[in-house]
1. Could you list the trypsin sites (Lys or Arg not before Pro) in the range 1-58 that lie in coil according to DSSP, counting only those with at most 10 other Cβ atoms within 10 Å of their Cβ?
2. When the label point is put 7 Å from the Cα of residue 73 along its Cα-to-beta-carbon vector, which residues of the range 34-55 have a backbone N closer than 15 Å?
3. Please work out how much length the chain gains when fully extended from residue 142 to residue 116, using 0.36 nm per residue of separation minus the C-alpha to C-alpha distance, in nm with one decimal.
4. Roughly speaking, what is the stretch gain from residue 29 to residue 44, that is 0.36 nm per residue apart minus the C-alpha to C-alpha distance, in nm to one decimal?
Amino acid sequence: MKLSTRSTYGMRALVELALASGHGPVSATVIAKRQSLSAAYLEQLLHRLKLHGLLRSIRGPRGGYLLAREPHRITMAEVVRVLDGTNGASGGRPASGRSAPSGGAGMWRPRAEVRDAQRRAQRVTQVVRRCVYDRLVQSLDAITLQDLCEEARADAGEPIDHQYVFHI
């Protein structure tokens, strides 16, 4: 199973903000450049995260975004719920249930059987999706933003914080 682009972009932005915490706000443009993301799309994601209390923003020429909570208090499951919605396991619309005419007086019976089979298959598919989604959320609940920052630092082989040098 794959995380959505929305969620992965949001996580990448949050890691940037967590690594920069203590150095003041970071603009969406700066995050977008560092992560090679579309600034306009990133703004939409950051706004959503702000509305749900994960970020706060500061206006003005030196403004930008800051984490609203400590990194160890933000789970990746929360980020996925905010950016992708809570019903990530939803199926889709049911199929129409139409079948090719079979001819004769029993024409409607095969359509009903096909419709019933499609409904059963759809219910099984929804159960599978819901189970996979629930397990994914359980796993993501165990991963905090702090964990991702530590992984990013370890992966780089050196502290990533040195990228944030501000000149006054």
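Every number in this text was worked out from the coordinates using simple rules, so none of it is lab data. The shown structure was predicted, so the numbers you read here are calculated from the model rather than taken from an experiment. All Cβ positions, glycine included, derive from the backbone under ideal geometry; neighbour counts span all protein chains shown.
1. Those satisfying the criteria are 2.
2. 52-55
3. 5.4 nm
4. My answer for the length gained is 4.2 nm.
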